[in-house]
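Report on the structure given below.
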Amino acid sequence: MQKHFLMAGISAAACISAASSASAVEIEYWQYIYETRVEAMDQLIENFEEANPDITVNQVTFPYADYQTRIVAANMARKGPDVMQLFYGWADKFIAGNLIQPLPEDTFPAAQIEEEFFPIVSAMKRDGQYYGLPTAVRSLALFYNKDLFEEAGIDGPPETLDELVEYGKQLAVRNDAGNFETVGLTLDMAGQDHQWWREVLVRQMGGVPYNEDYTQVTYDDDAAGAEALEFYTNLQKKHGIGAPGFMDEGQAAFRAGRAAMTIDGTFRLGSFNDIEDFEWGVAELPANDEGVQSNYASYFANAIGSSAEGEELEAAVKFLEYISSDEAMQVWLEVVGELPARREAAMTNANMNDPIYGPFLAALPYAHTTLFVDEAAQRQTAIDMANRVFLQDQPVADSVAEAAEQEQAIIGAARD
Amino acid sequence: MVHPTSSDTVPTHPVQPAPRLSMRARSALWVWSFLAIPVLFYCVIRFYPTFNAFWLSLTDWDLMSEAEFIGFENYRRMFADPNFWQTFRNTFEYLIYGTPISLLIAFIIAYYLDKVRFAHNFLRALYFLPYITTAAAMAWVWRWFYQPPPTGLINGALGELGFGQIEFLGSTTNALPSIMVTAIWAGLGFQIIIFMAGLRAIPDTYYEAARIDGLGDWAILRKITLPLLKPTTVFLVVFISIAFLRIFDQVYNMTTNDPGGPLGTTKPLVLMIYETAFSSYDMGYAAAQTVVLFTILLVVSLLQLWILRDRA
């Protein structure tokens, strides 16, 4: 009797494996190497394969510095991935180069996406079609060193720009030689400050950094750009709160406990979590006098490669559906620490009340996403703009005008 | 009994040998069959891409879409770009200051090191050490040396001694010389070894004869050492110049936050090419910049060989 069961079991197993191997589909998923991201994706793939035993997902990773080049080169050899992760700012290039295909409208209706996700996903939309969806998003916040705040007798983080300046002055410490021991706020245009200037300060001074579709630079159309740069550069020149280049990088200064405040993104949580020497907290970016708040949000989206077709495309769509689900977002939040891209998954009470995630999440509804055509080159124009004021004492208005002209040229060249 | 084959037979009556290649032709065949691999390698890996770069410089290739011929548009754009001229000037600053300073320091050290007997090998190894160290690692160490207080070693020492602070990498005027110093230091070890080999190759008899004739150290240096060292010097001048024209590692690693900065004052051509190609993916434009760099390298090398040629 037992033998019969065994035989039945074996033959059933054989049938199942034969059936699954007959319809087995293998797809490739690409992303760059970052330990927790790879780990989270491994978990997601495991869950997905359990639910879809006929689909196998192979995760392929590359170092970040190589990542874009690899995708482009693989695409030229027609060996591109079925599903890939890409920075939203690469979308234009990837669409023009026919590296990714639009998401099928029946599985991913645009109206539903816009209802369920944070508005920043629209950066992946071209001509009414979505080309990718994020699992997680990132935003900026003010990190502050609680120990230094306590020493200086300040209760909590600054809520307005005026408070930022005032607290910064109190927190900055110089030695007898006049050199900074501790800065009030880090000044690091090459870090996240250029995003802060572009999408936050310019708007808080009453301006708009770009036109609607980010084809025109508008921060020099009125005085807002210059006022924003003046505010930024005055943090050193007038108020002496910090200095560019202090401890090489803003995040390094904060980690070392030599900066009372720094503006950085969600992605920094992983490295700041190792800090043991002091307590730190996170706060929303300061508002202006009228209470205007803004933020810069960004994300890596998942998209379907242009080479996927037939049953591989079907499998790719299924996989993409899963990795942009609420469940996947919760896994991503727990393993990577990045914020869920869906409102419902993100705005849970537990998440909103979390002292660390809360301030980042609160910013998502009012955050902006700059549509870069060449992030590195555009960042460079902002770095140079600040340096012309810091190092060469160029009048802020002239420097902003020069930056606007350079950035417009970059955008123009990319859109030809 | 096995019948001997014809080749084994002793030619009692001469058999006409099969038409064979002459000794000369055979050795040529051998030589070429051995050379075939490196020649093929060079053609495929070196020359083909080089010529391809010339072609690419006339296109608008962006790695993703098909390359389209656009004539000399990339060159027109380049010559109208103030950033290009800035990097052009920077590159020549590295070359014009870097080469003679390197050469002079290397010679002085080699000249005196050659006379030192005490711990000679140890000292020589010490000088050679930076040359075999990874450029990136050295660049980062120097980067930290140059930091403003409280991290920077140099500024820290200056502060202790009561001097004012110096902005090294954060200044538009000091950054380039600061980086150049590290590049000079890194290359010195090799140049010293080459100079010492050159010095050793000069026969002692010349020096002995000079001493007997009563020549002083200065005269010996001027009349014997330097002229006989000329082939070494020529080699090093060309070698160092090419190295400075291609400077990249030090600059890139010391200015990663603002590559080639501040305000582009340290950016050499190679870094500009790298950014254009692998950050902006503007391959056609990058190829045009590469062609310019290639031309500069060629002209500078030929010019030096011509200037320093043996007039005899």
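The values are calculated or read from the model by the stated rules, or taken from the named source; none is laboratory data. Because the structure is predicted, anything quoted here is derived from the model rather than measured. Methodologically, a virtual Cβ is constructed for each residue, glycine included, from the backbone with ideal geometry; neighbour enumeration extends over all protein chains shown. Side chains included, ligands, DNA and RNA excluded: accessible areas come from the protein's heavy atoms. Shrake-Rupley method; radii C 1.70, N 1.55, O 1.52, S 1.80 Å.
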### Query
In the range A:173-208, what residues drop by 20 Å² or more in accessible surface going from the chain by itself to the full protein assembly, probe 1.4 Å?
A:Asn179, A:Ala190
### Query
What whole-number value in Å² describes the accessible area per residue of the range B:79-307 for a 1.4 Å probe?
49
### Query
Can you give the FRET efficiency for B:Ala197 and B:Phe69, using 1/(1 + (r/R0)^6), R0 = 56 Å, r = Cβ-Cβ distance, to the nearest 0.05?
0.65
### Query
Roughly how many debye, to the nearest 20, is the charge dipole of the range A:167-277 about its Cα centre, given +1 on each Lys and Arg Cβ, -1 on each Asp and Glu Cβ, and no other charges?
400
### Query
Among A:220-230, A:63-73, A:185-195, what's the highest-first ranking by average C-beta atoms within 10 angstrom per residue?
A:185-195, A:220-230, A:63-73
### Query
Over the range B:79-307, what percent of the accessible surface lies on carbon and sulfur atoms, probe 1.4 Å?
70
#### Entry: Nitroxide proxy distance, nm - points 7 Å out along Cα→Cβ at A:Tyr366 and A:Asp393
3.8
#### Entry: Expected 222 nm ellipticity per residue - DSSP helices of 4 or more, -39500 (n - 2.57), all of the protein assembly as shown, to 500
-16500 deg cm²/dmol
### Task
Identify the residues of the range A:177-203 with backbone N under 15 Å of a label point that sits 7 angstrom from the Cα of A:Glu405 along the Cα-to-Cβ direction, or state none.
none
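Could you order A:Glu321, A:Glu35, A:Glu212 by accessible surface area, starting with the largest, using a probe radius of 1.4 Å? Write out the running numbers ahead of the final one.
Working: A:Glu321 85, A:Glu35 145, A:Glu212 170 Å².
Of A:Glu321, A:Glu35, A:Glu212, the descending order of accessible area is A:Glu212, A:Glu35, A:Glu321.
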### Query
How big is the equivalent ellipsoid of the range B:79-307 along its three axes, where each semi-axis is √(5λ) from the Cα gyration tensor, reported in whole Å from largest to smallest?
36, 25, 14
### Cα point-scatterer Debye curve for the range A:74-180, base-10 log of I(q)/I(0) at q = 0.17, 0.20, 0.22, 0.23 Å⁻¹
-0.82, -1.04, -1.21, -1.28
### Query
Quick one: Cα centre-to-centre distance for the range B:24-70 and the range A:33-59, in angstrom?
43
### Message
Counting only protein heavy atoms, probe 1.4 Å: which residues of the range A:227-273 lose 40 Å² or more of accessible surface in the full assembly compared with their chain by itself?
### Response
A:Met247, A:Asp248
### Query
Once the piece of chain linking A:Glu35 and A:Asn98 is laid out straight, how much longer is it, given 0.36 nm per residue of separation minus the C-alpha distance between them?
19.8 nm
### Task
Return the Cα extents of the protein assembly as shown along principal axes one, two and three, sorted largest first, each rounded to a whole Å.
99, 95, 61
### Query
With the solvent-accessible surface defined on protein heavy atoms using a 1.4 Å probe, which residues belonging to the range B:262-308 display a reduction of at least 50 Å² in accessible area in the multichain context relative to the isolated chain?
B:Leu263, B:Tyr281
### Query
Taking 1 over the mean of 1/r across every pair of different Cα atoms in chain A, what Kirkwood radius in Å do you get?
23.2
### Summary
Averaged over residues of B:167-175, the number of beta carbons from other chains lying within 10 Å of each residue's Cβ is 2
### Task
Could you state how much accessible area is buried at the B-A interface, both sides summed, with a 1.4 Å probe, in Å² to the nearest 100?
2100
### Query
If one computes the Cα centroid of the range A:180-217 and of the range A:291-366, what distance in Å separates the two points?
24
### Summary
Too long for a 26 Å Cα-Cα cut-off, among B:Lys115/B:Lys230; A:Lys79/B:Lys267; A:Lys169/B:Lys267; A:Lys79/A:Lys318; A:Lys146/A:Lys169, are A:Lys79/B:Lys267; A:Lys169/B:Lys267
